[in-house]
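Before we start, here is the structure in question, set down as structure tokens.
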Amino acid sequence: MGFKKPIEKNDVLMQMTSAYSYIKSPYSDGFTAWYTKQELYEIKFVLDEILKRCPEFSGEPEWLEEQNKKQMWSELKR
């Protein structure tokens, strides 16, 4: 029996990008766009709680620092 990943990152990212596109679309009404944004917030809150409860792994702080630097540079380039 092989290893089965519990989530498919690309599927999740695709759904989140689709929700973002829907929210930003000028053809979406504010009511349903706000509902979609609320769903993203709910996902964020659950994800934040899950990550808070997970153990810290070797190399994790360094990886997080590197990801934060990449995000910062990306923001500065805008």
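No value in this document is a laboratory result; all are computed from the given coordinates. These figures come from a predicted structure and were not determined experimentally. We place every Cβ from the backbone using ideal geometry, glycine too, and count neighbours over all the protein chains shown.
Helix 60-77 sits at what angle to the longest principal axis of the chain, using alpha carbons and giving 0 to 90 degrees rounded to 10?
40 degrees
Longest span of the chain, sites excluded, free of GluC sites (Glu not before Pro) in DSSP loop with at most 10 other C-beta atoms within 10 Å?
Details: sites that count: E8, E56.
It works out to 9-55.
Per 0.36 nm of contour for each residue apart, how much would the distance between S25 and V12 grow if the chain were fully extended, relative to their Cα-Cα spacing?
Stretched fully, the S25-V12 segment lengthens by 2.7 nm.
A follow-up question, please. Projected onto the charge dipole of the chain (+1 at Lys/Arg Cβ, -1 at Asp/Glu Cβ, origin at the Cα centre), which of V46, N10, Y27 gives the Cα projection farthest towards the positive end?
Y27
Separate question: Evaluate the distance, in nm, between pseudo-label points positioned 7 Å from the Cα of Q38 and of K4 along their respective Cα→Cβ axes.
Taking the two extended label points, one gets 3.4 nm.
Follow-up. Roughly how many debye, to the nearest 20, is the charge dipole of the chain about its Cα centre, given +1 on each Lys and Arg Cβ, -1 on each Asp and Glu Cβ, and no other charges?
Details: 12 positive and 13 negative charges, 46 e Å.
Here the size comes out at about 220 debye.
Okay, moving on. Nearest 10 degrees, 0 to 90: what angle lies between the long axis of helix 30-53 and the longest principal axis of the chain (Cα atoms)?
So the inclination is approximately 10 degrees.
Among the chymotrypsin sites (Phe, Trp or Tyr not before Pro) in region 37-78, which ones are in a DSSP loop with at most 12 other Cβ atoms within 10 Å of the Cβ? Mind listing them? Write down the numbers at each step before the final one.
Numbers: sites: Y41, F45, F57, W63, W73; in loops: F57.
Hits after loop and neighbour filter: F57.
Please identify every one of the trypsin sites (Lys or Arg not before Pro) in region 1-67 that sits in a loop by DSSP and has no more than 15 other beta carbons within 10 Å of its own beta carbon. Spell out each step's value before the answer.
On the way: sites: K4, K9, K24, K37, K44, K52, R53; in loops: K4.
When the trypsin sites (Lys or Arg not before Pro) of region 1-67 are filtered for loop state and at most 15 Cβ neighbours within 10 Å, K4 remain.
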